[in-house]
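The values are calculated or read from the model by the stated rules, or taken from the named source; none is laboratory data. What you are looking at is a predicted structure, and each value in this text was computed from that prediction instead of being measured. Cβ sites come from the backbone with ideal geometry, for glycine too, and all protein chains shown count toward neighbours. Each accessible area value is taken on the protein alone, full model and side chains, heavy atoms only, with ligands, DNA and RNA left out. Shrake-Rupley method; radii C 1.70, N 1.55, O 1.52, S 1.80 Å.
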Amino acid sequence: MRYEEFTIEGRNAVLEAFRSGKTIDKLFVLDGCHDGPVNTITREARKHDTIINYVSKERLEQLSKTGSHQGVIAYAAAYEYAQVADILEIAREKNEPPFIFILDNIEDPHNLGAIIRTANLAGAHGVIIPKRRAAGLTATVAKISAGALNYTPVAKVTNISNTIEELKKEGMWFVCADMEGEIMYSLNLKGAIGLVIGNEGSGVSRLVKEKCDYTASIPMKGDIDSLNASVAAGVMAYEIVRQRMDL
């Protein structure tokens, strides 16, 4: 189901969005405002595990599109999130070993949209992103994905490391992109696999890297030291595709 609305402003509208079951990625609240209606909204936000940001009046004015925010602005997901179990079920239905992209704090919505598009074209069964410090399914992400969000489920989890541990119990193993890793062409990337792509600046975090079975590097011959995150995801994904096709 696609949500038509992205930015929701005003106390009644935001409260109704929570109570109607819309997925709210972030809530912005005027710092210092703790009256009854605002407390009710923040209580709903905590119940739904929404990230709450207390911000200045100036910041709210910058975010507002209507000028009548009444001290609260919510960012709704442009698309509904899936569950990790839904992604595994898709693989089972297709009788294929699971192939999942796991994104460790991708912050740029253009990168996220491009990666979701690549995941779809590479035949991945879904994408997993973290709840905090990362881009969510914004309208920009939906546009950049070029329709892939209609077909590729995206799950949002509290802890990437814990999710990897749970998926290992399902028989999956994990490879992360890292410049210090083995050349990807020398690795066996067949079977039930999770491809872990790190943050645009800092790469895969240490805790997540420790959970991965392999680190893989992309051979580079140029004068700069790294690829854009979405390009790196595409290069590694298609080595996995090649091996899954036994080419």
## Note on the structure
Residue-normalised value, i.e. accessible area per residue, for segment 63-180 at 1.4 Å probe, in Å², stands at 44
### Message
Tell me which cysteines of the chain come out unpaired when the rule is another cysteine's Cβ under 4.7 Å.
### Response
33
### the chain - percent of accessible surface contributed by carbon and sulfur, probe 1.4 Å
47
### Task
At q = 0.18 Å⁻¹, work out log10 I(q)/I(0) for segment 29-161 with the Debye formula, treating every Cα as an identical point scatterer and leaving solvent out; two decimals please.
-1.00
### Query
For a label point 7 angstrom out from the Cα of residue 34 toward its Cβ, which stretches of segment 4-24 have the backbone nitrogen within less than 17 Å?
none
### Query
Given a Förster radius of 22 Å and the C-beta distance between residue 80 and residue 146 as r, what FRET efficiency does 1/(1 + (r/R0)^6) yield to the nearest 0.05?
0.75
### Query
Within the chain, what percent of beta bridges assigned by DSSP are antiparallel, to the nearest 5?
25
### Message
Quick check on the chain: helices-only [θ] at 222 nm, where DSSP H runs of length 4 and up contribute -39,500 (n - 2.57) each and the sum goes over total residues. Nearest 500, please.
### Response
-10500 deg cm²/dmol
### Query
Restricting to segment 121-247, what percent of DSSP beta bridges are antiparallel, rounded to 5?
5
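Work out, step by step, the length gained on full extension between residue 169 and residue 220: first 0.36 nm times the residue separation, then minus their alpha carbon distance; give nm to one decimal.
Value of the extension gain: 14.9 nm.
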### Query
Could you name the lysines in cross-link range of residue 22, using Cα to Cα under 24 Å and dropping any fewer than eight places away on the same chain?
47, 65, 131, 143, 156
#### Entry: Residue-span extension gain [residue 47 to residue 16] - 0.36 nm each, minus C-alpha spacing
9.7 nm
### Message
Under the 0.36 nm per residue contour assumption, what length would be gained going from the current alpha-carbon distance of residue 89 and residue 63 to full extension?
### Response
5.5 nm
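In Å, the Kirkwood hydrodynamic radius of the chain over pairs of distinct alpha carbons? Don't skip to the end; give the middle numbers.
Working: mean 1/r = 0.0524 Å⁻¹.
Radius from the Kirkwood sum: 19.1 Å.
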### Message
Output wanted: per-residue J couplings in Hz (rounded whole) for segment 133-142, from phi through Karplus 6.51 cos²θ - 1.76 cosθ + 1.60, θ = phi - 60°, x for Gly and Pro.
### Response
6, 7, 5, x, 7, 7, 4, 4, 4, 4
